[in-house]
1. What single numbered condition from (1) surrounded by fewer than 24 Cβ atoms within 10 Å (Cβ to Cβ); (2) in contact (Cβ under 8 Å) with a residue 60 or more places away in the chain fails to hold for A:Ile146?
2. If a residue has to be within 14 Å of chain A (Cβ to nearest Cβ), surrounded by 21 or more Cβ atoms within 10 Å (Cβ to Cβ) and in a helix (DSSP H, G or I) to count, how many in segment B:307-354 make the cut?
3. If you go through segment B:224-242, how many residues are out of contact with any helix residue (DSSP H, G or I) (no Cβ under 6 Å at 6 or more places or on another chain) and either within 11 Å of another protein chain (Cβ to nearest Cβ) or among the aliphatic types (A, V, I, L, M) (or both)?
4. Which condition from (1) among the hydrophobic types (A, V, I, L, M, F, W, C); (2) surrounded by 19 or more Cβ atoms within 10 Å (Cβ to Cβ); (3) touching a residue at least 24 places away in the same chain (Cβ under 8 Å); (4) closer than 24 Å to A:Cys258 by Cβ is the one that A:Leu210 breaks?
5. I need the full set of residues from segment A:347-369 which are of a type in the set (D, E, K, R) and touching a residue at least 40 places away in the same chain (Cβ under 8 Å), in order please.
6. Filter segment A:29-43 down to the residues that are crowded, with 16+ Cβ neighbours inside 10 Å and either among the aromatic types (Phe, Trp, Tyr) or over 25 Å from the mean Cα position of the chain (by Cα) (or both) and list them by number.
7. Output the qualifying pairs, or none if there are none: Cβ atoms under 8 angstrom, residues six or more apart or on different chains, first residue in segment A:318-332 and in the same structural domain as A:Tyr282 (by TED's automatic domain parsing), second residue assigned to a strand (DSSP E or B) and among the basic types (Lys, Arg).
8. For A:Ser342, work out the one condition from (1) in contact with a strand residue (DSSP E or B) (Cβ under 9 Å, 6 or more places away or on another chain); (2) farther than 25 Å from A:Lys325 by Cβ it doesn't fulfil.
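The values are calculated or read from the model by the stated rules, or taken from the named source; none is laboratory data. Just so you know, these numbers come straight off a predicted model, no measurement behind them. A quick note on method: Cβ atoms are made from the backbone with ideal geometry, for glycine too, and the neighbour counts reach across all protein chains shown.
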There are 2 protein chains.
Amino acid sequence: MDMTDYMQTIGRQARTASRAMARADSATRNRALLLIADAIERDAAQLVEANARDLDAARANGLAPALLDRLALSDKAIATMIDGLRQIVALPDPIGEISNMKFRPSGIQVGQMRVPLGVIGIIYEARPNVTVDAAGLCIKSGNAAILRGGSEAIHCNRALAALVAEGLRAASLPEQGVQVVETTDRAAVGALITMPEYVDVIVPRGGKGLIARLMEEATVPMIKHLDGICHVYIDAKADIAKALPIAMNAKTHRYGTCNTMETLLVARAIAPAVLPQLAALYATKEVELRADPEALAILQGYPHLAPASEEDWSTEYLAPILAVKIVAGIDEAIEHINRYSSKHTEAIVTEDYTDAMRFLREVDSASVMVNASTRFADGFEYGLGAEIGISNDKLHARGPVGLEGLTSLKYIVFGHGEIRT
Amino acid sequence: MDMTDYMQTIGRQARTASRAMARADSATRNRALLLIADAIERDAAQLVEANARDLDAARANGLAPALLDRLALSDKAIATMIDGLRQIVALPDPIGEISNMKFRPSGIQVGQMRVPLGVIGIIYEARPNVTVDAAGLCIKSGNAAILRGGSEAIHCNRALAALVAEGLRAASLPEQGVQVVETTDRAAVGALITMPEYVDVIVPRGGKGLIARLMEEATVPMIKHLDGICHVYIDAKADIAKALPIAMNAKTHRYGTCNTMETLLVARAIAPAVLPQLAALYATKEVELRADPEALAILQGYPHLAPASEEDWSTEYLAPILAVKIVAGIDEAIEHINRYSSKHTEAIVTEDYTDAMRFLREVDSASVMVNASTRFADGFEYGLGAEIGISNDKLHARGPVGLEGLTSLKYIVFGHGEIRT
């Protein structure tokens, strides 16, 4: 099989199917989602069986335990998938919304209509739940999808693909509205990201390495998430009763997530008061603190203390390690963040109105918070109802990306025979 | 001078200046715009002189008359530039707008704030007015700009750059908020479009050839405008009294613009009634009609008639030539448009409610109109107040791009000490 031909065929089919997906009314798209959920519920046993074959092969190939964990499809994981689909049904339909219709001096009335992007390509690791999640979000938003999951999940993904196709068909939508790439050949990814004629946007879900590699080759635009080097800045005017739980939560609630704090900045004036109390909290979780010389002096005696190197300011630890730096105040904090941050999420803890407003406006990141933990940067916590990813980009979608990120606004004009003179 | 070093320096300076530009309040940015307008007014004579040097060199190099025309800076063109800046001052400030702030069950309040993109790179032909236009839009939207105009305009662009810098300085904004690339070396463009660390978006303004070339090399995202293969579809239920002026205006109002109709589709049922009348109008402008066999039969005897080839359906004539095709009805019209259109602007002429709604929803173009001339697809006609370009893309900005297209929405969170549990 020639991989380029194979992927071109998939692309062409997706483009054709995308027209019917975009035309379908809300009820039809929701019906498809419910039918898919029902089919998964009915065939749960077969899915577990297909997953077992994937797991056996993965174990034989020596896949790392963490990856085996993500690959595994428990009964509970299947129930979560089904729930997820039914929750997507309950979300409002983003498609067709008309906004800002205004009359112009010429007599025409102009505004915008929200429409699907067309064809979404999703590239992800060997996590079968993403197959259903991504299919659900694309169907809901009237898009066609091409799903390329990690090859270790191939049996399970094939089984899921059949159930998604069954649901689409039963709702009178084209089966090819969602296509799962049924090959483990890596060249398929290379083809997928270079077919702008068939694919409108690529959403990669995976590690930084995968995404950096895709960025080099892709000619299709991407909604991409690189790393999360998030900061909390404890301002001189911070309420320490808020600063302590926020700095603790932002670091230790979960270590492996992209909205976890990696660097703590503390205003010089408040550092002697706040740092020792905070250290007592971090000690309970054995968090290693990598401190600049000033913080080092304040923290001396802390059992897991090390001096910070220049590299620490731009490291995403994803571990119980925290870089700590003393800054003169809001100016130095903003300067440090805009220099070292990955532009994901930053928070200030302060009771000072002007500092809060300056931080919100001047910090150039996708999410900027006052007196809240960075851990809130998440599509569900923001009320998007669903999340296809988090974008580090400034164009199109920035921060948590929900259904709206899979849509576009086109201009519509209601005329009455107007011509331009 | 090493071109990469030179451009990296410009990029670094722009990134630094962009922070001050973003921080500046509305009054400061408007003051800079007014001061630049005043400086141009004061030095109009010197600008004409610098332009004369460019024109002499261009004539000596045998530049085509149409390009000489665009390069020329008349007193009237200078007055228009000055007016343009003052009009931009009068537009509402897009920056800082906060929208959709909503409380979430966790207690945080989440919404979005409109912020500048950062650094905008603009690549354009030898048209000095674009230098001032683009600088004005970037200053108004709180961005830093790097402007790279066609080398034939270098003397005039240098003179304009000095006046822009003077205005920025006098308003206490960094001079490097707007930098004009002062070299005619084409390698500067290659460097500009491959510095994503310093440039957030490239707006190319020029022919399809320039943009296609940039697309191949660019690693910075682009807001780009390719071609305009626009359609008017005269539906079976069209009001002929509207169809005739719209089809006439869309083709003949101006031939060289991207929103000019290039293909006319006519429903079979109305073709015998509408085409002969339309031909009588087109005859007054000697428009050549390239018709499919059915239209050919109806139009026989028209003095400028030729059979259409497959290529005609995807040609942007920019000339008094029109492709004409008979279609069965709305389905075939939509299918033809979605296949051949450049996704710029399409219009339906109809009195039928369902056909109008289907056309608006199902035609996958940046602007879709009912009963109006495609010539209205324009930032000024749409009420954007200004236009940096027209985008054929679906992501970020689609259709006419005004100040909002030079901004981004970041999430902001107002908390009260909330942590995630």
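1. All conditions are met except number (1).
2. Qualifying residue count, segment B:307-354: 4.
3. Matching residues across segment B:224-242 total 6.
4. The failed condition is (2).
5. A:Glu351, A:Asp352, A:Asp355
6. Correct list: A:Arg31, A:Leu35, A:Asp38, A:Ala39, A:Asp43.
7. Filtered contacts from segment A:318-332: A:Ile321/A:Arg290; A:Leu322/A:Arg290; A:Ala323/A:Arg290; A:Val324/A:Arg290.
8. Every condition holds for A:Ser342 apart from (2).
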